[in-house]
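Since the structure comes first, as structure tokens, the remarks are kept for the end.
No lab work stands behind these numbers, since they all come straight from the coordinates. Since the structure is predicted, the reported quantities are computational estimates derived from the model, not experimental observations. Positions of Cβ are backbone-derived with ideal geometry, glycine not excepted, and every protein chain shown enters the neighbour counts.
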Amino acid sequence: MNTQPFPAVPGSRMEEVSSAITLSDMEIFVFPSLLYPLVLANLMSPLIWKWREDPWFANFPKLTPYRRILRLKQYIMDHYAFNLDLETWGLTTQAREMARFAPHLAPETIAKSNALFGYEGDQFYFDLDIRRHFGLDKYTRDTIPYWKTETVEAMDAFRHKPGHEQGAGECVSLSTLYAAALYILCGIPLEDIFLIATPLHSQNFIDVHEGILTNNRRLVTKAMWFNGTVLSTKARRALEHEQLTIVAHSTGWVHTVYLEAGIDHTAYARFQKKLRAFLQTPVTSEILFNFLRQSPARQSCFQIEHACCGKRRWIPAERAYAFENSCSFKVSDATREKLLAEMDEDDFFAEPLADRIPLNKFDDFFKQGHIDLEKEEDRRALGREFNCYHTGACEIIEELRAFCRLEPRWPDAGQPKRFTAGPRIELAAGLSREEILAALESQRAANPTADLAFYAFRDLARTDPRPFLKAAIERSPVCIEEARAMDLPMIVACLREMTDESIYDSTRAAQPDEVWNARRGDGFEKAVALAAILHAKKPAVAFTIRAAGETATLVFDGQSYPFRTKKKLELDLAWPMEER
């Protein structure tokens, strides 16, 4: 048994708690209680705290919070890649996972809301062919990826994988990394950070100035949201096309399919108000031009007038927008004349182009007064300016209206929630790592989120180790698949030849697929990995893993497999697990 005191996880919670260790996207969907613990695990990790020693952050105290956030973004851009390949964490099947989650959530509910179980979004995602986009089209319809959300340690461990020169992670990993780093490095209070999950994406809203959205490695400000560039168009996809499934906060969470919501209602209302304001803007000439940048099909309705050598010239709008890619000037702002001046004279026409609207006139039109696209009278006034023969004015105005004002599909929109505030995570701004560890430890007994954080943190000296073992044995498809053709001596030799170094510090431990991917691990981790591989070959065989002093030993089918360990764990684990 574990000689360290820990609360035993009851059987009714074993699936949820063990999922805090593997943290796959589908597990977080079924158990939204898992999303925020990963933020806390990253807050407790020494790795992000080490970033503060980097010269890149040397002058942070002198910067405004906004400038700190921008510098943090560049650090993440330089050190982490976005990774969502199928090989990293392996494959599973819909049937297997549906059966696993059936006691917790109805299969039809999962299928309607989760991208891995049939959900494909609206028409945009059908057109994209989401399974082909992710490379799943070569497998049966039942096959789905076991996308696991990475801790910062697992993200950094990508450096040890062939073909990777830096850390990496998928969208949930990056969003939770950002949330922890915003607190540690930028001094952003946790109360001002909201985690947003949709069926196909995860990002954060930061309540700073007008608001900032994280989007994988990048940041999106309100000005960027409406600039119409390719990057901004991609950043808009999730909120434009998907339901907000989960909103997680230091006070709790709200989920689209669960009636009870533990998030503080005042905090949630503030989030809604701030995000709504972020996602809408008054229409101006610049916003109109930005809209056209995002909508190439509408550019053919417009032309731009330009004075060249004292003569009036006209150019199709699409040519001017295309030229933006080769210079630093824009059609939409005060640099328009400089952009046009750099273009070749033979791009222009000597006479106005028939059936095209002159864009220049909108500079004066919007100076005459504010236009509110929510008002019918203002829409008619603007519509009179859109005298294009290619399309109806009302179509352009409705598309422009959608560009300027987005109303998210809130988790509580279709099903009103019962907001019952539970215990919140209490971490004041400016705490040290040691103070955070102590504060979360003191909150564990009364706050399930704080307790789950230690499981996501992987500290086997502070947790019941059985959920760790359950996750390792049941959810390690990569090492099992790659060892399938190996005989037993080859498997043991492969593990022994790996670098004897854990990606986790102290009494924290890596899962088998993390060991296999990084080609390194402590002896205890190697013993667990060997157990997962052998159990897959002989699932009826009981086994034990014992860690004592400097040795971790797997006893399987009458054979002992010892490994040297530095974890200083005192554990005696058995499979099948005993219920408590």
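In debye, nearest 20, what is the charge dipole magnitude of the stretch 144-271 about its Cα centre with +1 on Lys and Arg Cβ and -1 on Asp and Glu Cβ, if you could check? Display every interim value, and only then the final one.
Working: 10 positive and 13 negative charges, 95 e Å.
Computed charge dipole of the stretch 144-271: roughly 460 debye.
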Just grab the label-to-label distance for residue 394 and residue 572, each label 7 Å out from Cα along the Cβ direction, in nm (one decimal). 7.9 nm
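Please quote Rg/Rh for the stretch 346-496 to two decimal places, taking the Kirkwood radius as Rh and restricting both calculations to Cα atoms.
Working: Rg = 31.3 Å, Rh = 23.8 Å.
Rg/Rh: 1.31.
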Return the sequence-ordered ³J(HN,Hα) values of the stretch 321-338 in whole Hz as given by the Karplus equation 6.51 cos²θ - 1.76 cosθ + 1.60 applied to θ = phi - 60°, using x for Gly and Pro. 5, 5, 6, 4, 5, 10, 8, 9, 9, 10, 5, 8, 10, 5, 8, 4, 4, 5
Testing the spin-label approximation: label points 7 Å from Cα along Cα→Cβ at residue 354 and residue 99. State their distance in nm. 7.0 nm
Listed by chain and number, the residues whose amide H is under 5 Å from that of residue 566, excluding neighbours fewer than 5 places away on the same chain and using placed H, are 523, 524
Taking a cut-off of 14 Å between Cα atoms, list the aspartates and glutamates near residue 375, but don't count ones fewer than 8 places away on the same chain. 398
I need to check one value: relative contact order of the chain, counting alpha carbon pairs closer than 8 Å and at least 6 residues apart, in percent. 18 percent
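Using packing as a proxy for protection, rank 470-479, 417-426 so that the peptide with the highest average count of other Cβ atoms within 10 Å comes first. Could you put the intermediate results ahead of the total?
Values: 470-479: 23.0, 417-426: 15.8.
Ranked from most to least packed, the peptides come out as 470-479, 417-426.
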Between 386, 308, 400, whose Cα lies farthest towards the positive end of the dipole of the stretch 285-404 when Lys and Arg beta carbons carry +1 and Asp and Glu beta carbons carry -1, centred on the Cα centre? 308
Reachable lysines from residue 62, criterion Cα separation under 18 angstrom, eight or more residues apart if same chain: 73
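Cβ neighbours within 10 Å, averaged per peptide: list 160-172, 346-358, 210-222 in order, most packed at the top. It would help to have the intermediate numbers written out before the result.
On the way: 160-172: 17.0, 346-358: 13.2, 210-222: 21.0.
For the peptides 160-172, 346-358, 210-222, the packing ranking is 210-222, 160-172, 346-358.
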Give the lysines reachable from residue 537 as a straight Cα distance under 18 Å; neighbours fewer than 8 places away on the same chain don't count. 470, 526
Sorted by packing (mean other beta-carbon atoms within 10 Å per residue), highest first, where do 489-495, 30-36, 573-579 land? 30-36, 489-495, 573-579
Tally Lys and Arg at +1 and Asp and Glu at -1 over the other residues with C-beta under 12 Å from the C-beta of residue 77: what net charge comes out? +3
Compute the signed sum of charges (Lys and Arg +1, Asp and Glu -1) over the other residues within less than 13 Å, Cβ to Cβ, of residue 62. +3
Hey, can you grab everything whose amide H is under 5 Å from the amide H of residue 167? Only 5+ residues off in sequence or another chain; H modelled, so Pro and N-termini drop out. 81
Can you give me the three principal axis dimensions of the stretch 466-575 from its C-alpha atoms, in Å, biggest first? 33, 26, 24
